[in-house]
Amino acid sequence: MSSSPYNPQQNEQLLWVRLCSGDRDAFGEIYRRYFPLLFRYCIRFTTDRALVKDMLQDFFSQLFAQRAGLSLPVSLKSYLMVSARRKLFRYLDKSAHGPASLDEGAASTFALELSPESILINRQHSENTTRLLQQKLNALTLRQKEAVYLRFYEGLSYEEIADIMVLKEVKYARTLIYRAIAELKELLAQDEAALRMLSFSGLH
């Protein structure tokens with residue numbers, strides 16, 4: 001007797017259907033799975049961790065309160081990231097930590113660091129090499145950094161990135177990432193060790 005292969009997307013859709021019907025266990029599982037991911041993403045827009053935690057608590061409370069009117073998303077992960085990003089921008093807009101009017105399609109800051117995994121893999125390289133690559137990451141535009149994060153750190157598709165970043169067409173997401181990688185490679189052309197680290201980190 002053969003068993004059906006595990007389908008995480010289908011599993012998420014079942015969770016969502018249960019949530020919409022008022023199942024608190026399903027809501028708790030969605031919260032458990034996605035609160036850390038959303039916090040990790042949202043904290044890159046601000047250093048105010050308390051604000052992000054408050055926003056996400058409000059976000060999930062509202063999600064459960066409005067469950068009956070929710071439609072089934074194609075990707076639960078990207079749906080939650082789109083919604084949390086939008087809500088965070090509204091929070092920042094009302095706080096002293098954001099500009100007077102924060103556009104939903106852009107941010108005033110975005111922190112992008114080398115992943116701990118890439119640093120461990122490349123421990124044999126010098127601190128100077130690591131510092132150089134981090135400097136080059138910092139030199140990217142805010143939108144390039146966010147696109148790179150979504151693509152290489154969260155593994156999202158170009159379609160999902162365009163949706164999350166409120167880009168008019170998918171090709172703009174591709175362009176942001178291609179240009180970011182091209183700029184990194186150009187800037188690091190004289191440092192072979194840094195280029196190898198770039199490859200190991202998944203940014204290629």
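Annotations for the structure displayed:
- These residues, Asp93, Asp25, go from largest to smallest accessible area, 1.4 Å probe, as Asp25, Asp93.
- Reach of Lys94 by Cα under 23 Å, taken over lysines that are not fewer than 8 positions away in the same chain: Lys53
- Distance (nanometres) between label positions extended 7 Å along Cα→Cβ at Ser83 and Glu183: 3.3 nm
- Computing FRET efficiency as 1/(1 + (r/R0)^6) for Glu127 and Thr47, where r is the C-beta to C-beta distance and R0 is 30 Å, gives about 0.80.
- Ser157 paired with Ala139, simple spin-label distance in nm, labels 7 Å along Cα-to-beta-carbon: 3.4 nm
- Note on Leu14/Arg40: beta-carbon distance plugged into 1/(1 + (r/R0)^6) with R0 of 22 Å gives a FRET efficiency of 0.30.
- Kirkwood Rh, angstrom, segment 10-64 [1 / mean 1/r, Cα pairs]: 11.9 Å
- Nearest-0.05 FRET efficiency for Thr109 and Glu169, computed from C-beta distance (R0 35 Å): 0.90
- Stretchable slack from Asp58 to Arg24, in nm (0.36 nm times residue separation minus alpha-carbon distance): 10.6 nm
The values are calculated or read from the model by the stated rules, or taken from the named source; none is laboratory data. Quick caveat: nothing in here was measured; it's all calculated off a predicted structure. All Cβ positions, glycine included, derive from the backbone under ideal geometry; neighbour counts span all protein chains shown. Ligands, DNA and RNA are stripped out before the accessible areas are found, and what is left, the full protein with its side chains, is counted by its heavy atoms. Shrake-Rupley method; radii C 1.70, N 1.55, O 1.52, S 1.80 Å.
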